[in-house]
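Asker: Once you've had a glance at the structure underneath, I'll fire off some questions.
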Amino acid sequence: MILTSLTITVVVAFVAAVIGTKPKWLRWTIFSALLAYLSWVLWSLYGRWDYAESYRLFSLGGVKFSLNFAITKLGWFFAFFTTLINFVISIFSIRKNLAERDELGICALWILLAGANMAIFLAADWITLFIAWEVMTWTSYFIITPGWKNSFRAANYYFLLSMLGAYAMLVAIWWLWAIPSVHTFNIAQSISGLANYWSVSPTSVVIIAILFLLGFFSKSSVFPFHPWPSEAHAEAPDDFSPYLSGIMIKYGLYGVVLFVVPLFLAIVRSGGAHTINGVPVISYVLAWFGAITAVIGTILAIMENDMKRLAAWSTVANIGYAATAIFILTPLGLTGGIFHIVNHAVFKSMIFVALAAVKFRTHERQMHRLGGLATKMPITFLTFLLGIIAAAGIPPMNGYASKWLIYQALLAAKFPFLTTMIFIASTGAFMYLFRALHSIFLGQLPERLSGVREVPFIMQIPMYLGMLAMILMGVFPGYILKPIGGIVAALGLEPVKVTTTKMFSVLSVVDSLAVYNMFALSFAAAFVLYLIGKARRKVAPLDTYTAGQNPADFGVTTEMLHFAYKFYAPFSKMFKNIRLNYKVYYDDIAKNTQVFSEWFSGIFKFSTMGATIWFVGAIVIIIIAGWLG
Amino acid sequence: MIVVKFIIFSALSVAVGLLFMGIGRKYTARIHRRYGPPFWQSYIDVIKLFSKKSISHNWVMDFGIMMGLAGILGTIAFVPIAGHTVVDSMQGNIIIILYFMTIGYLGMAMGVSASGNPNATIGIARALTMMLGYEIPFVIVVVSLIFVNKSSLLADFVASQSGGILHWNIVRYPLAYIVGQISLQAMLGEKPFDAMVAPSEIASGPMVELSGKMMGLGFVQHAAQIFLETALIVDLFLGGASTIWVFVLKQFVVFLIALSFNAVFPRFRFEDVVKWFWRWPFAISIIQLLLVIL
């Protein structure tokens, strides 16, 4: 059933490509329909935890290659929610791509990517996972850069870091095969085998884990790989950014929960590792990597003026929260981390959808050139508002539930400094989120944007669905937390106690429905107070307090009165001597590599003499090696 | 039942907050050797404001101002006040309180910046920057108290301080109290941390575009905010109280300390506030945290 749906996906991708350039709506509707079908397939597979598929490919030098798929609780959870969210985003794409030129390739590749996405989560062995991983990497690379200049540069960061990670993973996979006591590609068996290998050689286990983590961290942009989202997420096609930022960045954390967490847990159970408060030292260090990612992402987001880059930095920060919680390895931490991954997928894709809607109408990305759009695009504004409330972790939207669990996990495991780091990042989140809200939707409407209208209804559908999801996931977190409890139980831990609306931790209890009721009640009270008193009078936007001067006398326009450029200038100045965006270092590496390769290729290009010397030199070395060997 | 309790607590908090504001004005005036308005002036102001005409720029402004008040009133429902809480099941979950409070801040910020006056937005930008300054030491203090009590419920904090003044956290953890009181000063926006209102620089910042009823709602919100934030300090450090009178008295003392500093200090630049908070209160809070966990 899994291979059938993957085959259907490939066929549909082919069909979408050969339809031709004319019926654009048809191509994207097929895409939506396919995603609806895939979601339905996954839904029908729920609960069949012994379901597996295996297909022999070929054997080479005694190594049997085969495609294996299995439904695990973890894999199903991720596969289902990512496909469903992708379906919601694709409704937006139907209308958005009517006016696009390069959409043919994007659509066909995105369909392949949706298949690869499913295969990554349902793969039962490393070879299948790696094939799907590679398909995911190159399809997304070409979607990010469909021949545009800026996005080509941006996508190269993404592609090179992904390549680095993928090769590290490949080395680790072969290493696993090479260890005699492991000698398998099966994921579950390799974990238990490697955990047993700990007593033989802890160093090689740690190195294998680090090689895998290089792959996972570069994919999830954990420190020090944090610069690429701000390039790639920002330059990608507007309707692909939600997918990129909401879903694709989570593959790394999925890999962590799939492989690294069970490995560490098994090692802790065998009792051979040094621990801090019950957490292995390496895992504690990795949790700090997450916390550093959260803080750096936040500070860089505060300094950003480009709205898509700001949202991308915010994604980096959120990955940091989730990574920190997951590496705590307690049931609370894992539950909070995985829940935050899902919540972030929902609210960040909605934030990016709202930004795509803004860009669809205004063709602007610099925030200071926007403003006052709330009255022109009310649905987009509400989506963005609910999105940032969720992202800031304010009840009763969905972000608060997972943030609460993350705090409980860190406090219960007695890590005060990690808690503080997460809190710093979380308070900083108010700064950049409000800045985006203000600069885009509040303040003065520039005159050249006075003709802007709300986006067409088809593009509003995903926004309605997203808003509903954000509220419901916040008020009834239990519906999502129960399957997560299954994942935690499958890891051999005691799941966190939850009911539909209540979450229990060691330190306290929270009742989401009570929080929501109180929210509604206090709003009603404020509304009653608002109704008291004389009716208000509406005035024009420019009719504000200007100390008695008439703005028209000075030629003041709405754009001049919109305070948005260099919003946090004094704050940014505080950090001007600290280099947080490692892009500079990566650029340096790129430049040096280029200089070196140009020198190297110059030898062949311009001088036959040089080439001859190299050739003769190489022959001599081979001959000498032959003698000695 | 919960609705009745909520209305009682909201009315109480607004009434007490307005009373504090009135007495505070008189108190500050006496320090400045002025005569000052009568202590019921704030009530008169609110009634007057609600009876005046007001202006609004768009629906987001109305919505934001309402959300601002709603956020603060909703948060008060979670705070244990003299042994009573509106939402009993939550028992004053401190993390929920800290996050619920931000609904109020966000609402007010959204409402005033929707007015389109740059002064208001500059005020908000300053307030948010300073928030990053004072929240960090405050949170470290809260975290250390959570560590001591092995609970993140305010009700448990209060229970652990019962039995006389020597059990209060102000005596047991004086450094934490100092940080809490300084953070309160910034939370209330009193001098030297009042760069976000700064009447002489940015025309009272967030309040610049509010008039009549809108200003009245803002006034009520500020009163409720005074009540909420002093109540947090009382619950965290002064052992709560068994009767409402004692509780309000303790709140008043906390508020007077903040006002006394307010009356004599000039204004800090807001980035200096952040730097100052990241230097001194942060260091004190870290020392307190190390004392607790070691």
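Read-outs: derived from the displayed coordinates by stated rules, not from any lab. For clarity, every value in this text was computed on a predicted model and none was experimentally measured. Here the Cβ positions follow ideal geometry from the backbone for every residue, glycine too, while neighbour counts run over all protein chains shown.
Asker: Would you compute, from DSSP H runs of 4+ residues alone, the mean residue ellipticity of the protein assembly as shown at 222 nm, taking -39500 (n - 2.57) per run and dividing by the full residue count, rounded to the nearest 500?
Answerer: So the calculated ellipticity at 222 nm is -23000 deg cm²/dmol.
Asker: Give a quick list of chymotrypsin sites (Phe, Trp or Tyr not before Pro) in the range A:510-572 that DSSP marks as loop, anything other than H, G, I, E or B, with at most 12 other Cβ atoms within 10 Å.
Answerer: Within the range A:510-572, the qualifying chymotrypsin sites (Phe, Trp or Tyr not before Pro) (loop, at most 12 other Cβ atoms within 10 Å) are A:Y565.
Asker: What residues have an amide H closer than 5 Å to that of A:S66, excluding those fewer than 5 places away on the same chain, when H is modeled at 1.01 Å from N in the peptide plane?
Answerer: A:L57
Asker: On to the next question. Can you give the Kirkwood hydrodynamic radius for the protein assembly as shown, in Å, rounded to one decimal and based on Cα pairs?
Answerer: So the Kirkwood estimate lands at 29.3 Å.
Asker: Follow-up question, since we're still on this one. Which of B:I233, A:I89, B:I2 comes first, and how do the rest follow, when ranked by fewest Cβ neighbours within 10 Å? Don't jump to the answer; show the numbers that get you there.
Answerer: Values: B:I233 23, A:I89 26, B:I2 14.
Least crowded to most crowded, the residues run B:I2, B:I233, A:I89.
Asker: Determine the distance separating the Cα centre of the range A:398-434 from the Cα centre of the range A:116-177; give it in Å without decimals.
Answerer: Cα centroid of the range A:398-434 versus Cα centroid of the range A:116-177: 31 Å apart.
Asker: Measure nothing but the geometry: give the 0 to 90° angle between the long axis through the Cα atoms of A:398-412 and the longest principal axis through the Cα atoms of chain A, rounded to 10°.
Answerer: 60
Asker: Once Lys and Arg get +1 and Asp and Glu get -1 on their Cβ, which of B:V79, A:S39, B:S285 lies farthest toward the positive end of the dipole of the protein assembly as shown?
Answerer: Projecting each Cα onto the dipole axis, the largest value belongs to B:V79.
Asker: By how many degrees, 0 to 90 and rounded to 10, does the Cα axis of helix A:2-18 deviate from the longest principal axis of chain A?
Answerer: Its long axis makes an angle of about 70 degrees.
Asker: Sequence neighbours fewer than 8 away in the same chain don't count; with that in mind, list the aspartates and glutamates whose C-alpha is under 19 Å from A:K359.
Answerer: The qualifying aspartates and glutamates are A:E100, A:D102, A:E103, A:E231, A:E235, A:D238, A:D239, A:E304, A:D306, A:E447, A:E454, A:E559.
Asker: With only Lys, Arg, Asp and Glu charged, each at its Cβ (+1 for the first two, -1 for the last two), find how big the charge dipole of chain A is about the Cα centre; round to the nearest 20 debye.
Answerer: With Lys and Arg at +1 and Asp and Glu at -1, about 880 debye.
Asker: Starting from the amide H of A:E53, placed 1.01 Å from N in the peptide plane, find each other amide H under 5 Å away whose residue is 5 or more places distant or on another chain.
Answerer: HN-HN under 5 Å from A:E53: A:F69, A:A70.
Asker: Using θ = phi - 60° and the Karplus form 6.51 cos²θ - 1.76 cosθ + 1.60, what ³J(HN,Hα) does each residue of the range A:154-168 get, whole Hz, x for Gly and Pro?
Answerer: 5, 5, 5, 4, 4, 5, 5, 5, 5, 4, 3, x, 5, 5, 4
Asker: Please state the charge dipole magnitude for chain B, taken about the Cα centre, from unit charges on C-beta atoms (+1 on K and R, -1 on D and E), reported in debye and rounded to the nearest 20.
Answerer: Working: 19 positive and 13 negative charges, 150 e Å.
My answer is approximately 720 debye.
Asker: Here is a follow-up. What's the exposure ranking of A:H226, A:H344, A:H363, going from fewest to most Cβ atoms within 10 Å?
Answerer: Neighbour counts put them in this order, fewest first: A:H363, A:H226, A:H344.
Asker: Take every residue in peptide B:131-138, count the Cβ atoms of other chains within 10 Å of its Cβ, and give the average of those counts.
Answerer: Partner Cβ neighbours, averaged per residue: 4.
Asker: What average number of partner chain Cβ atoms lie no more than 10 Å from the Cβ of the residues making up B:91-99?
Answerer: Across B:91-99, the average partner-chain Cβ count within 10 Å equals 6.
Asker: Rounding to the nearest 10 and keeping the result within 0 to 90°, find how far the Cα-based axis of helix A:103-122 lies from the longest principal axis of chain A.
Answerer: Compared with the principal axis, the helix lies near 60 degrees.
Asker: Now, a different point. Against the empirical 2.2 N^0.38 Å scaling, what ratio does the C-alpha Rg of the range B:224-294 come to?
Answerer: On the way: Rg = 15.2 Å, N = 71, 2.2 N^0.38 = 11.1 Å.
Normalised by 2.2 N^0.38 Å, the Cα Rg of the range B:224-294 equals 1.37.
Asker: Can you tell me what the convex hull of the Cα atoms of the range A:502-629 projects to on average, as an area in nm²?
Answerer: Averaging across all directions leaves 25.4 nm² for the Cα convex hull.
Asker: Say the dipole of chain A comes from +1 at the beta carbon of Lys and Arg and -1 at that of Asp and Glu; which of A:Q189, A:H562, A:A132 then lies farthest toward its positive end?
Answerer: Of the options given, the answer is A:H562.
Asker: Toward the positive end of the charge dipole of chain A, about the Cα centre and with charges on Cβ (Lys, Arg +1; Asp, Glu -1), which of A:Y516, A:T275, A:A166 goes farthest?
Answerer: A:Y516
Asker: Something else about it: Using Cα positions and a limit of under 18 Å, work out the aspartates and glutamates in reach of B:K191, with same-chain residues fewer than 8 apart set aside.
Answerer: Output for B:K191: B:E135, B:E201, B:E229, B:E271, B:D272.
Asker: Among A:324-331, A:419-426, what's the highest-first ranking by average C-beta atoms within 10 angstrom per residue?
Answerer: A:324-331, A:419-426
Asker: Something else: Please state the charge dipole magnitude for the range B:95-211, taken about the Cα centre, from unit charges on C-beta atoms (+1 on K and R, -1 on D and E), reported in debye and rounded to the nearest 20.
Answerer: The calculated dipole for the range B:95-211 is roughly 300 debye.
Asker: Give me B:E271, A:E235 sorted ascending by neighbouring Cβ count inside 10 Å, so fewest comes first.
Answerer: Lowest count first: B:E271, A:E235.
Asker: Rg(Cα) of chain B divided by 2.2 N^0.38 Å?
Answerer: Relative to the rule-of-thumb radius for its length, chain B sits at 0.97.
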